[in-house]
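The values are calculated or read from the model by the stated rules, or taken from the named source; none is laboratory data. Fair warning: this is a prediction, and the values are worked out from it, not measured in the lab. FYI the Cβ positions are ideal-geometry reconstructions off the backbone, even for glycines, and counts take in every protein chain you see. For the accessible areas, the whole protein counts, side chains as well, though only heavy atoms, and no ligand, DNA or RNA atoms are used. Shrake-Rupley method; radii C 1.70, N 1.55, O 1.52, S 1.80 Å.
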Amino acid sequence: MATPLDGDVEQQGDLELSSPDFDDGEPMPDWVGYANENDNPTLEVSGVPDGAESLVLVLDDPEAEPVVGHVYDHWLVWDIDADQGEIPRDWDAAGDGATVGYNDYVENEYGGPAPPEGSHTYKFKLLALADDLGAPDVIRQQHLGSMIFTQTEILASTQLEATYDAEQGTIF
């Protein structure tokens, strides 16, 4: 069963996600990479609809599927305060009251890009929800997507894309 976090997120409402560190569709800085500083980029959130209780943020790499057999999850954060206008570099999401789930590095934190070869396109997906999810930090993306589908309403959604090249830093 497909969930709201699978594939591309369609623009819904006025919700916007941008970054002062890169433009949509452009390369991310070297320091965001897993083998480098592994800091998340600064993200700016605007257009959150009235009535939104929380935000969900996902960073994934769909181009990893031929190599690892699935879309690779790099960052999964939910129950972000709907008033969170900026997600700062190297954000302590849990310290701000959000919940950070397991990425595919099996870590409860941001895990930066590390493509094995060539350039990959990474997708930052942002959803504004009518409710907090209250899910424990031990769940993964598929389960979180199912919870969204069955337990709340998506009030708005948006997506920001960026690239990262293996030559920028790799762990393999």
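Key figures for this structure:
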{"quantity": "Label selected from (1) 28, 20, 13; (2) 32, 15, 14; (3) 24, 17, 15, the criterion being semi-axes √(5λ) of the Cα gyration tensor in Å as computed here", "calculated": "(3)"}
{"quantity": "Size of charge dipole - the chain - debye, nearest 20, with Cβ of Lys, Arg +1 and Asp, Glu -1, no other charges", "calculated": "460"}
{"quantity": "Å² per residue, accessible surface of the chain at 1.4 Å", "calculated": "45"}
{"quantity": "Simple Cβ-charge dipole of region 91-172, Lys/Arg +1 and Asp/Glu -1, about Cα centre, in debye nearest 20", "calculated": "240"}
{"quantity": "Between region 86-146 and region 1-48, the Cα center-to-center distance that results, in Å", "calculated": "11"}
{"quantity": "Carbon plus sulfur fraction of accessible area for the chain, probe 1.4 Å, in percent", "calculated": "43"}
{"quantity": "Point-charge dipole on Cβ atoms (K/R +1, D/E -1) for region 1-103, about Cα centre, debye to 20", "calculated": "280"}
{"quantity": "Tilt relative to the chain, helix 141-151 - C-alpha long axis, 0 to 90 degrees, to 10", "calculated": "10"}
